[in-house]
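To keep things clear, I will list the structure first and then write my remarks on it.
The values are calculated or read from the model by the stated rules, or taken from the named source; none is laboratory data. These numbers come from a predicted model, not from an experiment. Don't worry about glycine lacking a Cβ; one is built from the backbone with ideal geometry, like all the others, and counts go over all protein chains shown. In case anyone asks, the SASA skips ligands and DNA or RNA and just uses the protein heavy atoms, side chains included. Shrake-Rupley method; radii C 1.70, N 1.55, O 1.52, S 1.80 Å.
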Amino acid sequence: MTNPAPIDDVPIGGEVIRLGQFLKFAGLFDSGGNVKEAIIDGNVAVNGEVDRRRGRQLQLGDIVSFDGRRVRVCP
């Protein structure tokens, strides 16, 4: 049985942020084009469920997963 990846906390300085913005802010992607492609292709999960909406509003405590990494939205 494999252990899930550790969760890195990423402070956003507020209470909400859009998924596409958060992926770049957290350093998971270098460009908005790469973010868009990964989301559309279903490679990004929020709280364990694939989400294909770049504009999804993330809340504090949400966990975003991509390519074996997990990051949590923090204040």
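Packing around the peptides 35-45, 51-61, taken as the average count of other Cβ atoms within 10 Å per residue, puts them in this order, highest first: 35-45, 51-61. Note on the chain: with neighbouring protein chains present and a 1.4 Å probe, carbon and sulfur make up 46 percent of its accessible heavy-atom surface. For Rg and Dmax of the Cα atoms in Å, the listed values are (1) 12.0, 38; (2) 12.3, 41; (3) 11.4, 37; which was obtained by calculation from the structure presented? This structure yields the entry labelled (3). Ranking 10, 34, 68 by how far each Cα lies toward the positive end of the dipole of the chain (charges on Cβ) leaves 34 at the top.
This model, with +1 at the C-beta of Lys and Arg and -1 at the C-beta of Asp and Glu, gives the chain a dipole about its Cα centre of some 180 debye. For residue 74, the shell of other residues with beta-carbons less than 11 Å away shows a net charge of -3, using +1 for Lys and Arg and -1 for Asp and Glu.
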